[in-house]
Amino acid sequence: QVQLVESGGGLVQAGGSLRLSCVASGSIFRISAMGWYRQAVGLQRDLVAETISGSSTNYADSVKGRFTVSRDGAKNTMYLQMNSLKPEDTAVYYCHAAGMAVTTRGYTDLEVWGQGTLVNVSS
């Protein structure tokens, strides 16, 4: 099994910064893409930022210029540096990973979500 564990959420004032971390562990063969999603109360879960093959990145328009996603492949860890936070960034942030996992029979497709970490930005 593969698990994702997020950390770094909390309460911050508008204009402040937070850094989220996501650590992947378990029977990982390869992680092709990792991403951060967020879900505010009453809304759907949306993509915030993602890193593909450890190089290319994509961001939601609402966070461009403020958030930076990065990945340490050797540590199977992804980060989200969030600056200039706004109250509308308040949400539960989820880590997602896709790739391949090792099984007793070989390999299988991997898609896994973390449990989420709450980011609360006060005005």
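The values are calculated or read from the model by the stated rules, or taken from the named source; none is laboratory data. Everything numeric here is computed off the predicted structure, so don't read it as measured data. Ideal geometry is used to build each Cβ from the backbone, glycine not excepted, and the neighbour counts take in all protein chains shown. Surface areas here come from the heavy atoms of the whole protein model, side chains and all, with no ligands, DNA or RNA. Shrake-Rupley method; radii C 1.70, N 1.55, O 1.52, S 1.80 Å.
Numerical summary
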item	result
Test: residue 85 is at pLDDT 95 or above, closer than 21 Å to residue 45 by Cα, open to solvent by 60 Å² or more (accessible area, probe 1.4 Å) and hydrophobic (A, V, I, L, M, F, W, C)	no
Residue among 57, 90, 103 that alone is touching a residue at least 24 places away in the same chain (Cβ under 8 Å), more than 20 Å from residue 10 (Cβ to Cβ) and open to solvent by 30 Å² or more (accessible area, probe 1.4 Å)	103
Residues being of a type in the set (Gly, Ala, Ser) and over 14 Å from the mean Cα position of the chain (by Cα) - total across region 108-123	2
Sole exception among (1) closer than 18 Å to residue 110 by Cα; (2) in contact with a Ser or Thr (Cβ under 6 Å, 6 or more places away or on another chain) for residue 35, by number	(2)
Qualifying positions in region 1-13 - under 16 Å from residue 119 (Cβ atoms) and not in a strand (DSSP E or B)	8, 9
Region 68-107, subset more than 21 Å from residue 5 (Cβ to Cβ) and among the β-branched types (Val, Ile, Thr), residue nearest to the chain's Cα centre (by Cα)	90
All positions within region 60-78 that are open to solvent by less than 60 Å² (accessible area, probe 1.4 Å) and within 17 Å of residue 18 (Cβ to Cβ)	60, 63, 66, 67, 69, 70, 77, 78
